[in-house]
1. Multiplying the sequence separation of Glu315 and Asp400 by 0.36 nm and subtracting their Cα-Cα distance, what value in nm do you get?
2. Quick one: if the Förster radius is 45 Å, what FRET efficiency do Asp337 and Ala114 give, using the C-beta to C-beta distance and rounding to 0.05?
3. Once the Cβ-Cβ distance between Ser195 and Thr322 is put in as r, and R0 is 35 Å, what FRET efficiency do you end up with, to the nearest 0.05?
4. Between Ala273 and Asp142, what is 0.36 nm times their sequence separation minus the Cα-Cα distance? Round to one decimal in nm.
5. I need the calculated FRET efficiency for the pair Gln350 and Ile299, taking r as the beta carbon distance and R₀ as 45 Å, to the nearest 0.05.
6. For segment 113-169, count the residues as N, evaluate 2.2 N^0.38 Å, and divide the Cα radius of gyration by that value, please.
7. When you count, for each residue, the other Cβ atoms within 10 Å and take the mean per peptide, how do 395-405, 110-120 rank with the highest first?
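No value in this document is a laboratory result; all are computed from the given coordinates. A quick note: this is a predicted structure, and the numbers were derived from the prediction, not measured. Cβ placement follows ideal geometry from the backbone for every residue including glycine, while neighbour counts extend to all protein chains displayed.
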Amino acid sequence: MDQQDPQDTTGHGMQHPGTPGPVPPAWAPPAPPPVWQPAPALATAVPAPDRRAGKLRIGIAGLVAGALIGGGAGAGVVALTGDDGGAGGTTPVAAQAVTITDPENATAVTAAAAKASPSVVTVYVSSGSAGGSGSGVVLTDDGYVLTNDHVVSLDGSTTTAEVQVRTSDGTLYDATVVGTDPTSDLAVLRLDGASDLTAATFADSDDVQVGDLAVAIGAPLGLSDTVTDGIVSATDRAVATGSTQDDATVIDALQTDAAINPGNSGGALVDAAGEVIGINTAIATVASGAPGSSQSGSIGVGFAIPSNTAQRIAEEIIADGTADTAYLGVSARTAGDEEVGTGAQVVQVQPGSPAAEAGLTAGDVVTAVGDRPVTTSTELTAAVRSYAPGQEVALTVERDGRTSTVDVTLATAAG
């Protein structure tokens with residue numbers, strides 16, 4: 001697909017997590033969900049060379065965009081049913097504040113959770129008989145909240161869902177969707193009648209380093225104010241969520257081993273200071289047929305949209321309900337042999353695009369964007385989308401055995 005193919009959407013089904021009732025139904029283990037296959041290493045709709053099955057596919061993971069509670073076909077997430085079902089479900093759990101009761105023995109995680117938890121909310125979404133729940137982050141004290149597009153759209157199945165949000169003090173608000181950006185998998189909500197909320201503080205995600213403390217806060221399985229911790233495992237991680245290439249959303253992500261589970265989507269990933277470094281959005285699952293493939297929760301490989309990107313998109317949505325995505329204007333496939341990518345090979349250049357104006361042609365292989373190496377077409381898409389429209393980037397390009405640098409000013413993708 002083009003680097004900013006407007007058909008990019010998330011594709012992950014879900015069902016209603018249930019609503020609070022006087023007698024909560026019993027917990028029951030969810031049925032093993034389908035495991036998402038690895039997203040293609042494509043950035044375009046151009047078929048890639050066939051790849052052999054890996055020697056041991058335990059290391060190949062599918063991505064669920066979707067740490068969203070639900071249970072539609074192909075959801076790959078925890079299914080929840082009502083009290084009358086054979087398999088028990090769960091009602092949303094009332095929020096409770098994170099407080100420091102023993103300052104002398106408090107850890108960095110304790111402090112980060114106490115700072116950030118008041119700014120993390122639980123999001124409940126319903127449309128007809130379908131529904132789901134996720135998490136969100138308070139942007140402003142008057143009720144703007146950031147979450148994932150796949151949360152409010154029930155994995156792209158609706159644009160008219162009813163939304164409610166429970167804040168950390170337990171208050172339940174009706175909410176409206178201000179706007180969504182499926183390309184970045186982000187959405188902004190506005191809580192009706194909200195005031196004096198605790199807005200999150202956002203850190204500069206460009207300053208995040210591998211090994212930094214990472215604390216995930218959200219509502220896995222509807223359990224509000226759940227805190228898990230780990231480290232930042234990688235930065236600039238290109239991941240494609242979706243069961244097929246056609247419904248893939250490519251994200252330039254932070255990777256973390258902090259436990260992220262169904263229901264965490266849209267919640268905060270924060271640093272040791274309790275400042276948001278990312279919006280949790282996807283988890284990996286073990287490939288089908290591999291040892292341990294029945295595992296459907298956290299396997300220590302989670303992904304978050306960097307805070308700089310999330311903030312920019314949120315501000316644009318608040319301003320006019322939409323967001324802009326950087327556009328290069330090429331279709332590409334992964335270059336190299338069947339196992340190891342060596343770059344993103346240009347298959348087609350759109351006339352009049354930034355790529356065309358910079359002189360890129362079919363057959364060129366892009367091996368870096370700025371100082372960021374590119375080994376697959378997915379990495380090219382993610383790298384381009386990490387920039388804002390109008391920014392100039394330097395592409396390292398191989399052509400006929402020679403390497404050169406090409407400056408490109410990115411345009412705005414068509415809506």
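1. Length gained between Glu315 and Asp400: 26.3 nm.
2. Details: r = 51 Å, r/R0 = 1.13.
After rounding to 0.05, the efficiency reads 0.35.
3. About 0.85, to the nearest 0.05.
4. Working: separation 131, 0.36 × 131 = 47.16 nm, distance 2.35 nm.
Taking 0.36 nm per residue and subtracting the Cα distance, the gain is 44.8 nm.
5. That gives a FRET efficiency of 0.70.
6. It is 1.16.
7. Details: 395-405: 13.5, 110-120: 22.4.
Per-residue mean Cβ counts within 10 Å order the peptides as 110-120, 395-405.
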